[in-house]
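Derivation of every value follows stated rules applied to the coordinates shown; laboratory data play no part. Since we're looking at a predicted model, the values are computed, not measured. Ideal geometry is used to build each Cβ from the backbone, glycine not excepted, and the neighbour counts take in all protein chains shown.
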Amino acid sequence: MNSIKAVCKTYLVIGSLIFGMLFGAGNLIFPVHLGQLAGNQWISATGGFLLSGVLLPLFALLAISITHANGLYELALPNGKKFALVFLILVQIIIGPLCATPRTATVPYTIGVAPYLSKGMQGWGLLVYTGAFFLIVYFFAVREGKITEIIGKVLNPLFLIMLFLIFLLAFIHPMGSTTAPQPTPEYVNHAFSNGFIQGYNTVDALAALVFGVTIITAIRQLGFKSQQSVSLATTKGGMIGILGIGVLYIGLIYLGTTSRHQFAIADNGGTTLNQIAHYYMGNFGNILLLTLATITCMTTAMGLVVAFAQDFHYRFPQISYKTFLRGNCLLSFLVANMGLDRIVSWSIPVLMFLYPLAIVLILLGIFSPLFKGASLIYRITTGITMIPAFFDMVNAFPPVLRDTSISMTLIHFAEKYFPLYQLGFSWLPFTFVGLFISICIWYSHQRSRV
């Protein structure tokens, strides 16, 4: 009995570690904003959001377990060493110092500090807050061996208690019904697909792949030695952590939908969260929200900078782990001072390009035992998927780039010839075609050898 309890406790610690690494800035603001946009179509939108924001990260961990990979590089390796390295660098940069990591600092600042500063003080306030934020992140992250204890046993329980208080008040005294708010035009007929695309913004599927090396290292420190036991622990712990995130997503989307009775649709979910906290608990609620957001974003930032430093030190061992850690924290601090809105607007196009490729790698990894991990299937399927992914990226450009003649020519071409392009799913039929072609070629090669 004691051994069973010990095993369950270990899986809970792993699940808490994964939860703390994945649930951060985007996980707080995007579900709430989705609830506001979707209105009475929130259930359908939630389905799409959970598919890309919960199931895909879980599948990513499953792919790592099944292929016995240590992370994204090994998972992408069947496409070739050059592709694996370039893809690893692109993903690490977008979820690292150029997007997700700076966002972990700008989100809590935007929803908890900025409303109380004058316009003239915004720049100085952001500078001081992000500076202190990344100094603390570096202080904890440099103690690499303590990452499990810091995230899994200390910060997560505190965060969950705070979030539970807000949910409890919202469910006891809802701001309104979920059936009355009208959806915005894009959610009237395509709530599910738009919810799915919104899930990209959490970057959790990419993060789950990148965190693979950190998660594997932490699991081995807990006493799992064989590859099979590490894979099993990753899968079970991942299910606990990611399903917990799914429950919180539903609560946050519910908050966003019911808030429409009291507040207009905001530019981002951070503003709405600030309004909700003040609605229920006044100024104390805003202080609580700032503390909550800072804690959860800091746990994610720790996971991001540690995974970045571990991966790059492993690939480029001539540069020390601490050097990568310092460089990441410094660059993240500089990018964070560009502001939240600019970071989000410039990251969306890159996510529209990277996510379809990541989805293909995840699915191929899960089903790789069926075709013995044949690189031919990886290369053809990924290569064909890359074509519509590029056009999706162009369509998501900020106006300053999207409105150029070259971009508009490419967009008009894709609208005419690519199925599902307007929905952001043009990669899907291309992927199926690539998979079908590659499997046929691989199968014919296998038969010719018999």
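What value, in deg cm²/dmol to 500, does the helix sum -39500 (n - 2.57) over DSSP H runs of n ≥ 4 give at 222 nm once divided by the residues of the chain?
Computed mean residue ellipticity for the chain: -25000 deg cm²/dmol.
For the stretch 174-253, what percent of Cα pairs sit more than 21 Å apart?
50
Going Cα to Cα from Lys9, which aspartates and glutamates come in below 16 Å? Please leave out same-chain ones fewer than 8 positions away.
Glu149
Could you order peptides 371-377, 284-290 by the average number of other Cβ atoms within 10 Å of their residues, highest first?
The densest-packed peptide leads the list: 284-290, 371-377.
Using only alpha carbon pairs under 8 Å that are at least six residues apart, calculate the relative contact order of the chain and give it in whole percent.
Computed value for the chain: 31 percent relative contact order.
Which aspartates and glutamates, on any chain, are close to Lys119 with Cα under 20 Å apart, when same-chain ones fewer than 8 places away are left out?
Leaving aside aspartates and glutamates fewer than 8 places away in the same chain, those within reach of Lys119 are Asp267, Asp341.
Would you mind pulling out the separation of the Cα centroids of the stretch 209-287 and the stretch 371-425, in Å?
A separation of 30 Å, based on Cα centres.
Determine one quarter of the surface area of the Cα convex hull of the stretch 349-450, which equals its mean projected area, and express it in nm² to one decimal.
6.8
Say the cut-off is 23 Å between C-alpha atoms; which of Lys236/Lys322; Lys82/Lys236; Lys81/Lys225; Lys82/Lys372 go over it?
Lys236/Lys322; Lys82/Lys236; Lys81/Lys225
Quickly rank 190-202, 425-437 as a protection proxy: mean count of other C-beta atoms within 10 Å, highest first.
190-202, 425-437
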